[in-house]
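These notes concern the structure reproduced below.
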Amino acid sequence: MTSPFDPSPVPPPECPAHTAGATGSEISEIGPGGLRRLYGPAHEKDPMGLYEKLRAEHGPVAPVLLNGDVPAWLVLGHSENLHMTRTPSLYSRDSRRWRLLQDGTVTMNNPLAPIFAYQPICVFKDGADHERQRGAVTDSISRIDHRGVRRFINRFSNRLVNDFCQDGRADLVSQFAEHLPMMVMCQIIGMPEEYDERLVQAARDMIKGTETAIASNEYVMAALTRLVVRRRAEPEEDFASWLVHHPAGLTDDEAAQHLRLVLIAAYETTANLIANVLRMMLTDPRFRAQLSGGHMTLPEAVEQTLWDEPPFTSILGRWAAGDSELGGQKIKAGDALIIGIAPANVDPVVRPEPTASMQGNRSHLAFSGGPHECPGQDIGRAIADTGVDALLMRLPDLQLSVEESELRWKGSLMTRHLIELPVSFASRPPQEVTGPTTPAQRGAPSRDWQVETQRADAPASAAVPQPVPQAPQAAPPAVAIPAQRRGAAPVRAWRKLVTWWRGY
């Protein structure tokens, strides 16, 4: 086997056959050195098929080519992924260790630069620095009132349904799954006044590596920086205040960077998770029958989806701190490794039958593992199962309005998400939804940003409209997440019954 780290597989700089702009037939599945590419049409069309080819050819750890034909290791095995994520002394999160970055083979012009470019935040650190910063994040997350959050999720879900329930048809990606997580996360973080179409679009755009990704990142960071300054002076009962005033002593820049990390990671994963749960319910009769028949609760449906369609398919995020052996492959110091979440979830060692039900089993890698495991995964689960529950309560007759084969996907190294999920249902009147409102419900002027997913035949630059400068407006006061209240005994008994029935 040709080593993926020999000089020969990497093409000359600016080679037209291997540039990031090459498309269609210009990018074949096999690249230099006979290695398979983890990008291009073959990967986008059928990533799981590509993973199985790699597993058959190389075993649990396979050499692959990233964008620009940069070599790396894709870890396919479940136990191998766990070993890698749980051993930071051997497999570091510090991307500055990447040998190809040090020698200039990989530059910041690579489309994956937003993913691997080192930042002074916890996800790129190990040891004491990681513990200090992540401790601030996890401690602040632990203070979130989950019951209060579920009330907000239910309220926001019903507001979104009100926007289309009279139409008898909707796209559940652009009209529901893409909006609900951002509405909830803005509320949790403490910036509900910032929620609008532009923030939703910017969040999804900034991790795609498009031409507008830098502008989108600047927009998001400006909003978060304003929030940090505000909460430093006037703390409230929200995540941003807890993070800013945590004993770890984060600087304003550190606090803003970690707020972005939490906001974007939670948004992207949860939007994908909601869409995937709804797709499985609409296309798999057994899945829907188990739900409607009471044999599966919505939290269990979410967990099954995390096995079958994890929000992140893989993560570029480990660099070898020294020479080692993993899955029968000799890993050299400075090599890049990719956490193979989707392939690990169907590893025959832990799941001999790929279609088998994994009900009650949470050993999937959807949220990674080890010291860098996602700290906010329970919030993501809550948004998904509560949101889908509210949607089905309002529209129990949802039906897919196109053939399953017509559904289209957009793929990248890290994610594979639905472009649209068109559905039909019986038209219903809106319901009154009480509680705090967001600017959209207060009649605030709409900004010139259209929320839409990219058409398959549209150029990448068309994914996000350019922002139109707006006159500054006074921000309305933030709405704090309500504190837990203990109701009267009959109310508590009823809530316990509802909790048992719904599974949460």
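The values are calculated or read from the model by the stated rules, or taken from the named source; none is laboratory data. Treat the numbers as computed from the prediction; the structure is a model and nothing was measured. Here Cβ is always computed from backbone atoms with ideal geometry, including for glycine, and neighbour counts include all displayed protein chains. Side chains are part of the model used for accessible areas, which takes the heavy atoms of the whole protein and leaves out ligands, DNA and RNA. Shrake-Rupley method; radii C 1.70, N 1.55, O 1.52, S 1.80 Å.
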Got a sec? Which of S89, S79 is out of contact with any strand residue (DSSP E or B) (no Cβ under 8 Å at 6 or more places or on another chain), polar (S, T, N, Q) and assigned to a helix (DSSP H, G or I)?
S79
Return only the number of the condition from (1) over 14 Å from the mean Cα position of the chain (by Cα); (2) assigned to a helix (DSSP H, G or I) that A248 does not satisfy.
(2)
Restricting segment 145-195 to residues that are of a type in the set (D, E) and not in a strand (DSSP E or B), the one most open to solvent (accessible area, probe 1.4 Å) turns out to be D163
Specify the residue that is farthest from L421 (Cα to Cα); the eligible residues are those in segment 254-286 that are surrounded by 23 or more Cβ atoms within 10 Å (Cβ to Cβ) and among the small types (G, A, S).
A255
Failed condition for E303, given (1) at pLDDT below 90; (2) of a type in the set (D, E, K, R); (3) open to solvent by 10 Å² or more (accessible area, probe 1.4 Å), with all others met?
(1)
Considering only residues that are crowded, with 21+ Cβ neighbours inside 10 Å and not small (G, A, S), look in segment 317-328 and name the one that is nearest to R55 (Cα to Cα).
L326
Surrounded by 24 or more Cβ atoms within 10 Å (Cβ to Cβ) and more than 30 Å from Q399 (Cα to Cα): is that true of Q201 in this structure?
no
Looking at this structure, is I115 in a helix (DSSP H, G or I), touching a Ser or Thr at 6+ places or on another chain (Cβ under 8 Å) and among the β-branched types (V, I, T)?
no
Among the residues of segment 63-113 satisfying the criterion of being farther than 27 Å from W307 by Cα and charged (D, E, K, R), which is surrounded by the fewest Cβ atoms within 10 Å (Cβ to Cβ)?
D103
Residue count for segment 226-245, restricted to those that are open to solvent by 40 Å² or more (accessible area, probe 1.4 Å) and either part of a loop (DSSP other than H, G, I, E, B) or among the acidic types (D, E) (or both)
5
Just to verify a result, which residue in segment 33-73, among those that are aromatic (F, W, Y) and either at pLDDT 90 or above or over 24 Å from the mean Cα position of the chain (by Cα) (or both), is nearest to P348 (Cα to Cα)?
Y51
